[in-house]
Amino acid sequence: MTQFAIDLGNNDKLVLREMWTVPALHALIEKNLDRLRQWEHWAKGPQTEEGLAAFTTHQMHQWVDGQALPAAIVSQGHVVGSIGARIDSYIGVADLGYWIDADAEGRGLVTRAARTLIDHLHQDRGIRRIEIRTATENVRSRAVAERLGFTHEGTLTAAHIAGDRVHDTALYGLIP
Ligand SMILES: CC(C)(COP(=O)(O)OP(=O)(O)OC[C@H]1O[C@@H](n2cnc3c(N)ncnc32)[C@H](O)[C@@H]1OP(=O)(O)O)[C@@H](O)C(=O)NCCC(=O)NCCS
């Protein structure tokens with residue numbers, strides 16, 4: 001049973017990516033591997049449940065240290081995606097990353113989850129600036145940032161890699 005959950009309304013919620021989320025997230029990653037590999041460098045190699053468990057342990061350590069907030073998106077009782085923040089609490093800046101199952105895409109769930117996470121980071125954790133970095137060609141990810149009111153602050157040349165492809169990075173910033 002999780003010790004951390006944020007209600008998103010409509011029977012959707014964010015839960016901490018504890019070990020119990022590993023089998024469900026691993027199954028989702030396998031199912032969505034081709035589309036994740038387009039944009040997520042971590043998806044390049046073979047995906048194993050053991051590897052995801054090791055990464056989850058690392059993220060839990062970072063959570064305890066206040067350096068990360070790794071969450072799974074749960075919709076109608078099923079794990080459907082992931083959203084997380086890496087946190088630099090010394091300077092009060094966090095950056096967001098997210099992905100969702102193809103079957104749950106296009107419903108506004110990621111935007112809703114991100115908005116709720118941003119409120120939590122700002123109001124409860126004192127984070128004063130949030131960033132989203134995404135490949136300039138990643139139209140759906142950029143749309144999430146823009147829907148949330150982020151400003152496109154600039155483009156970082158060749159700063160993003162996904163698989164064997166190097167992309168420019170669109171840097172988005174928000175001062176909540
Ligand atoms: C990027 C990604 C997470 C975006 O997911 P998404 O489902 O498009 O994002 P949202 O949850 O905000 O949904 C937006 C869509 O829901 C629609 N929508 C419906 N109700 C909505 C609501 N209440 N609020 C906002 N949008 C709503 C929007 O119109 C939009 O539709 P459309 O773009 O299909 O026309 C997803 O495409 C993905 O997992 N991609 C692969 C991994 C990836 O690229 N990750 C990001 C790396 S930086």
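The table for this structure:
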{"read-out": "Long-range neighbours under 8 Å by Cβ, at least six apart or interchain, first residue more than 14 Å from Gln76 (Cβ to Cβ) within segment 1-30, second basic (Lys, Arg)", "value": "Ala5/Lys13; Ile6/Lys13; Leu25/Arg17"}
{"read-out": "Of residues in segment 126-155 being farther than 15 Å from Gly84 by Cβ and basic (Lys, Arg), the one farthest from the ligand (Cβ to nearest atom)", "value": "Arg128"}
{"read-out": "Residues that are among the charged types (D, E, K, R) and free of Cβ contacts under 8 Å to residues at least 60 places away in the same chain, drawn from segment 76-125", "value": "Arg86, Asp88, Asp95, Asp103, Glu105, Arg107, Arg115, Asp119, Asp124, Arg125"}
{"read-out": "Set Asp34, Asp12, Asp65: member being of a type in the set (D, E, K, R) and more than 16 Å from the ligand (Cβ to nearest atom)", "value": "Asp65"}
{"read-out": "Leading residue by the ranking (farthest from the ligand (Cβ to nearest atom)) among those in segment 100-119 that are farther than 12 Å from Leu14 by Cα and in contact with a helix residue (DSSP H, G or I) (Cβ under 6 Å, 6 or more places away or on another chain)", "value": "Asp101"}
{"read-out": "Among residues of segment 21-34, those that are loosely packed, with under 15 Cβ neighbours inside 10 Å and not aliphatic (A, V, I, L, M), counted", "value": "4"}
{"read-out": "Identity of the residue in segment 96-153, touching a strand residue (DSSP E or B) at 6+ places or on another chain (Cβ under 9 Å) and of a type in the set (Ser, Thr, Tyr), that ends up nearest to His78 (Cα to Cα)", "value": "Tyr98"}
{"read-out": "Subset of segment 1-45 [of a type in the set (Gly, Ala, Ser) and either under 21 Å from Arg140 (Cα atoms) or within 15 Å of the chain's Cα centre (by Cα) (or both)]", "value": "Ala43"}
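Any read-out appearing in this document is the output of simple, stated calculations on the displayed coordinates, not a laboratory observation. Keep in mind it's a predicted model, so treat the numbers as computed, not measured. Here the Cβ is made from the backbone with ideal geometry for all residues, glycine too, and neighbour counts use every protein chain on show.
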